[in-house]
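Since the structure comes first, as C-alpha cells, the remarks are kept for the end.
No lab work stands behind these numbers, since they all come straight from the coordinates. Quick caveat, the model's predicted, so the values are computed rather than measured. No Cβ is skipped: glycine too gets one built from the backbone with ideal geometry, and neighbour counts run over all protein chains shown.
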Amino acid sequence: MSSSAAPLLSHIIGGKPTAPAEGKRRSNINPGTGELVSSVAIDDVAAADRAVAAAAAAFPKWSGTPVGDRIQYLFRYKFLLEQHVDELAELIVQEHGKTTGEAIGSVRRGIDCIEHACGAPILMMGRTLPQIAVSSSFCRTEDDGGVGIDSSVDRLPIGVCVGVTPFNFPMMVPLWMWPMAVACGNTFVLKPSERDPMSAVRAMELAHEAGFPEGVLNLVHGGVEVVDRLITHEDVRAVSFVGSTRAGEAIYTKGCASGKRVQCMCGAKNYSIIMPDANREAAIDGVFGSAFGNTGQRCLAGSVVVAVGEAAGWLVPALVERAERMTVGRGCDKHTQMGPLQDEDSRSRVLKYIESGIEEGAELLVDGRRAPMPDAGCFVGATIFDRTSPEMRIVREEIFGPVLSILRAASLDDAVSMVNRSEYGNMSVIFTDSGHAAHRFETTVQAGMIGVNVGVPAPMAAFPFAGWKRSFFGDLHTNGEDGVRFFTKSRVTVRRWI
Ligand code: NAD
C-alpha cells in the first residue's frame, strides 16, 4: 500500500496544527489487521526549530504565571482526559495493538502523573533557614549588633524542555514528562514515537482544549534527524528521553556535550526470582502477567524467571499450561488475552530470538510460532524456554516480545548473582513468604525498581521511576521528587537587612 493512503499527521506548534514540510515519511499499520493507520514526517528539522522557537517565546510569560494558576490547566486537562479514556484507549489499540484493558490501564497511569503534577505548589516549594549566621561573622564590617543573615533556596523553571518517547506506551510516557515540566513553569516540545503517534497527538489536542496558552506545549514528529536537532538546539535546556539503551546512550552523550540536562530511561532485561515457599498462585500470576502483559513490550517485563530449588517443580508446568491456553488476537476483541507485536520488524526480531534460543540449546517448552492466532497482523504467541543459561542471548538481551526464559538456581544467593550479572538493572522481583529471604534480596540485588510478591513493580507517579546500570543514563530519575528536581534549577539567596 502507498503511504498516501494513510492520513499524514500534523505537528502542533504554537497551539496550532502545522502541516509538515515535504520530505521523508513513515507509514504505520494497525498491527492487529495490517491496515495503514497513519503516516508521519521523519526529517522535518525546520519544524523542530519552529517548535523550539514557539516554546522559547512562551516561556517568559508562562514561567511568570503563578504556579497555582498554572496547575488550573492541568486540573481541567485531567477531567478532559477522564472523559476521553475510551477514545484514547481505542487509538492506542489501533496503532499499538495492546488489548483494550491494557490501553485503558495505560491512560489511567498517565492521569496519575497529571494528578501528581497538580501538587506543584507544594512540590516546588523552597526552604528557608533564618538566622543562619550573624552579619559580623559573615562580612566583617562595623559591628551592627549581630543583624541576622537569612538563607533560602528556591526551585525555579529552567526554560524549554524536550521529551523524546518510545512506542510501547505512546500516550502515557509523554505524561511522565510534560505535566510536571509545565507545572514547574517550563515550556515543552514533545517528539513522540514515529511508530504510533496518534494517541500522543490526540492527548496534546485535548491539552489545548483545556486552554494551555500558545507555545507552552508543542509536538513535532520525526526520527533521528529531528531528535538530534532538538537535543542540541541552543534554546533547549533539558532533555527527557525514554526508549532503547542504544538510542538513550547516544542522546545522553550528544545532549550532555551540548550542555543540556539529560535523563535517559532505557532498555531492560528483568528477572523474577521464585522461592520454593512462595504463595504459588500469586507467583504464577505475577510471573505470567509480567512476562506476557503488553505482549512483553514493557521495560518492566519480567522476561527471565529464576526458579530456586524445588520451585521449578510447581512453577514450570503451571506456566506452560497457562501459556498453551492463552488467547492471542486483536486488542479490540474482548476475549483476547494477548495482542500483537507493534509492527512487522518487532515480529521478525522476536522470531529470530526464538531461533537463537533453539540454536543455543535451550529447551522450547511452548512455541509461540505455533499458537492459534489471526492470519493478518504481527502476532507471535506466548513462548517459554526452559533449561536456559545466563550466557544465552535470550537471557542476556532485551527481546521486547512474549518470550520467557527459565533459569534454575540452587539458592537465593545463586539466583541474585545471576540477576546481578545482567548489564541492565531496571527491575527485579522476588516471590517468597520469608521476610528473611525478601530482606536478603532487597539488600543484594542490583536494580532501580524492585518488588516483593509483585510481578510488575511500576511505581506510582509520586515515586521516581528508572533503573540502574545500562537501563539509565543521568542523575535524576523521572517522576516523584526527582522529576521536580529535573525540571527545576535551585537558587540560593543570602539575605541581610541593615
Ligand atoms: P527507541 O529507542 O527505538 O525509540 C525511542 C525514541 O527515540 C523514539 O522517539 C525515536 O524516534 C527516538 N530514537 C530512536 N533511535 C534514535 C537515535 N539513534 N537517536 C535519536 N533518537 C532516536 O525505542 P522504542 O523501540 O520506541 O521503545 C522500546 C524501548 O524503550 C525498549 O528498549 C524499552 O525497554 C524502552 N523503555 C524504557 C522505559 C524505562 O522507563 N526505562 C520505559 C518504556 C520503554
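Of interest is the spacing of the C-alpha centroids, which for segment 306-363 and segment 107-123 amounts to 34 Å.
For segment 51-83 and segment 165-243, what is the centre-to-centre distance using only Cα atoms, to the nearest Å? So the two Cα centres are separated by 13 Å.
Annotation: amide H-H contacts under 5 Å for VAL239 (H modelled 1.01 Å from N, sequence separation of 5 or more, or interchain): VAL162, ARG261, VAL262, GLN263. Per Stokes-Einstein, at 25 °C and 0.890 mPa s, what whole-number D in µm² s⁻¹ belongs to the chain, with the Kirkwood radius over Cα pairs as the hydrodynamic radius? Stokes-Einstein gives a translational diffusion coefficient of 103 µm²/s. Projecting the Cα atoms of VAL262, MET177, PHE212 onto the charge dipole of segment 167-291 (Cβ charges, centred on the Cα centre) puts VAL262 farthest toward the positive pole. Less than 5 angstrom separates the built amide H of LEU407 from those of VAL305, VAL306, ALA307, all sequence-distant by 5 or more or on a different chain.
Cα centroids of segment 250-275 and segment 421-462: 19 Å apart. Shown here for segment 351-391: GluC sites (Glu not before Pro) in loop regions (DSSP other than H, G, I, E, B) with at most 15 other Cβ atoms within 10 Å, namely GLU360, GLU391. Seen against the Cα atoms of the chain and their longest principal axis, helix 311-324 is set at about 90 degrees. Taking the helices alone, the chain has a mean residue ellipticity at 222 nm of -12000 deg cm²/dmol, built from -39,500 (n - 2.57) per DSSP H run of at least 4 residues and averaged over all its residues. Summing Lys, Arg as +1 and Asp, Glu as -1, what charge do residues with Cβ under 12 Å from the Cβ of ARG50 carry, ARG50 excluded? Computed value for this residue: -1.
With respect to the chain, whose longest principal axis is taken over its alpha-carbon atoms, helix 245-257 is tilted by about 20°.
Of the GluC sites (Glu not before Pro) in segment 286-344, the ones in a loop by DSSP (not H, G, I, E or B) with at most 16 other beta carbons within 10 Å are GLU310.
Give the angle, between 0 and 90 degrees and rounded to the nearest 10, that separates the Cα long axis of helix 67-83 from the longest principal axis of the Cα atoms of the chain. Rounded to the nearest ten degrees, it is 30. Given axes a ≥ b ≥ c from the Cα gyration tensor, I'd like to know whether segment 298-344 is rounded (a/c under 1.5), prolate (a/b larger than b/c) or oblate. Judged from the Cα gyration tensor, segment 298-344 comes out oblate (a/c at least 1.5, b/c at or above a/b).
The phi torsions of segment 344-356, fed into the Karplus equation with coefficients 6.51, -1.76 and 1.60 and a -60° offset, translate into couplings of 5, 4, 4, 5, 5, 5, 5, 4, 5, 5, 4, 4, 5 Hz, rounded to whole numbers, with Gly and Pro shown as x. Pairs with C-alpha atoms separated by more than 32 Å, drawn from the list LYS24/LYS489; LYS61/LYS98; LYS78/LYS254; LYS61/LYS191; LYS260/LYS469, are LYS24/LYS489; LYS61/LYS98; LYS78/LYS254. In a simple Cβ point-charge model (Lys, Arg +1; Asp, Glu -1; nothing else charged), the chain has a dipole of about 840 debye relative to its Cα centre. In terms of packing, defined here as the mean over residues of other Cβ atoms within 10 angstrom, the peptides 291-297, 254-260, 369-375 line up highest first as 291-297, 254-260, 369-375. Here segment 271-452 is treated with +1 on each Lys and Arg Cβ and -1 on each Asp and Glu Cβ, and its dipole about the Cα centre works out to around 280 debye.
Does segment 271-452 come out rounded, prolate or oblate by the C-alpha gyration tensor, with a ≥ b ≥ c the root eigenvalues, rounded set by a/c under 1.5 and, if not, prolate when a/b is larger than b/c and oblate if not? Cα axes put segment 271-452 in the prolate bin.
Normalised by the number of residues in the chain, the average gap of Cα pairs under 8 Å and 6 or more apart makes the relative contact order 18 percent.
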